[in-house]
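The values are calculated or read from the model by the stated rules, or taken from the named source; none is laboratory data. Since the model is a prediction, treat every value here as computed from it, not as a measurement. Neighbour counts are summed over all protein chains in view; Cβ atoms, including those assigned to glycine, are modelled from backbone coordinates with ideal geometry.
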Amino acid sequence: MQIGLIGLQNSGKTTLYNTLSGNDGSQNSSQTIVRVPDKRLDELTKLFNPKKQVNAILEVIDIPGLQVSDNGKVKITSDFLTKVKNNDLLLHIVRDFTNESVPHPEGKVNSINDISFIDTEFLLTDLGFVESRLEKLEKELQKNKLDKLVREKPLFERFKEILENEKPLRDLVLDEAEEKLISGYQLLTIKPMIIGVNFSDDAKDEIDSKITKIRENFPYHSENTIAFMAQFEYELSQLSDEDSSVFMEDMGIKESALSRILESSYKLLGLQSFFTVGEDECRAWTIKKGYTAQQSAGVIHSDFFNKFIRAEVVHYDDYMKYGSFAKCKEAGVWRLEGKEYIVKDGDILNIRHS
Ligand SMILES: Nc1nc2c(ncn2[C@@H]2O[C@H](COP(=O)(O)OP(=O)(O)O)[C@@H](O)[C@H]2O)c(=O)[nH]1
Ligand SMILES: [Mg+2]
């Protein structure tokens, strides 16, 4: 999974990026791989004592370049569009911290304004693109009724209607063929988005009420709005794990920004984990909810998909309860499942293949 950090200048993108990447700010990187922390995987590793533990990974990209120009609009460059395109999800970092020495591109800190500002600019950019695409399509279709173009037209007409009603495209449910049809286009509002509000540590007591207010203002972001304190967490990331947990407890922070981001990303994208275990490695895999045993096997290796016979399945909770595969068999919680079995979050799988 790849997440792109976007937002106005000085909202805290690079601060969060450095926190997630463990960068102390001295390196000028903008793309990093983060191990997804996983308590269940840690427990499995303790039991199986494998040569290595392989966590799921998250790629994070710091995408700069949403600059407000003199006319009060955001300049959306083609470089920005290209960088956005490859992400599964955008995390819009919105500033809510006050810091006299850090200027705000719009003059004052107002997270609600900033969210609607970026939403509007994205919407207008998409609308402009969709309108010009429709014009081109009409011209092309007069010359040549290519199947691809014939199918594109009603889709873009639907896009236009949604955008004209000031709604983002991301809530539209597309089938696989439609997804494919538009996969080459750089549409902004079609990307799943999380709003990450960046607070000062001295504003801790206001977080809940402010987040509630933001959710009320933006019902369509409501479930996907999270809060964190980028600067504070950045400082923690420079400390030892022990010291950092002491400070987190003092501040009453139960979850790190990373785990909040992961939790809401998995939920938003409908993702879940399964595990494989053994002497060589214990590993977490990320799949879509609803994946069958065969599809999940394909995530491990395409051969496992093609030559799938059966999956041996025990749920993590059962394994923890009984302590071994033999005991799980005795208890009847170890099963052989066919290719249509729908994998559950926390299943431990062993794929039998030819
Ligand atoms: N007080 C405070 N300052 C912050 C916070 N997050 C970022 N900053 C500061 O704001 C400035 C801009 O942050 P940066 O992460 O570079 O913003 P970017 O332009 O979105 O990448 C830096 O000087 C940060 O130290 C925060 O949560 N609280
Ligand atoms: Mg930056």
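Structural remarks
- Residue match in region 104-114 (condition: assigned by TED's automatic domain parsing to the domain that holds PHE218 and crowded, with 20+ Cβ neighbours inside 10 Å): yes
- Per-region count, region 21-57, residues within 16 Å of ligand 2 (Cβ to nearest atom) and out of contact with any Asp or Glu (no Cβ under 9 Å at 6 or more places or on another chain): 6
- Test: GLN272 is within 26 Å of SER116 (Cα to Cα) and either more than 16 Å from ligand 2 (Cβ to nearest atom) or touching a residue at least 40 places away in the same chain (Cβ under 8 Å) (or both): no
- Counting only strands (runs of 3 or more DSSP E) that fall entirely inside region 1-82 and contain at least 2 residues that are away from ligand 1 (no atom under 13 Å from the Cβ) and farther than 21 Å from ILE194 by Cβ, the qualifying elements are 52-54.
- Residue, surrounded by the fewest Cβ atoms within 10 Å (Cβ to Cβ), within region 47-75, restricted to residues that are of a type in the set (A, V, I, L, M, F, W, C) and modelled with pLDDT under 90: VAL68
- Inspection of region 216-235 finds no residue satisfying the criterion of being away from ligand 2 (no atom under 16 Å from the Cβ), touching a Pro at 6+ places or on another chain (Cβ under 6 Å), closer than 30 Å to TYR316 by Cα and in contact (Cβ under 8 Å) with a residue 40 or more places away in the chain.
- Just one of the numbered conditions (1) more than 15 Å from ligand 1 (Cβ to nearest atom); (2) free of Cβ contacts under 8 Å to residues at least 12 places away in the same chain is not true of GLU206: (1).
- GLU263 meets all of the listed conditions (1) surrounded by fewer than 14 Cβ atoms within 10 Å (Cβ to Cβ); (2) over 22 Å from the mean Cα position of the chain (by Cα); (3) free of Cβ contacts under 8 Å to residues at least 24 places away in the same chain but one, namely (2).
- Restricted to region 252-354, the set of helices (runs of 4 or more DSSP H) holding at least 3 residues that are over 25 Å from LYS52 (Cα atoms) comprises 257-269, 325-331.
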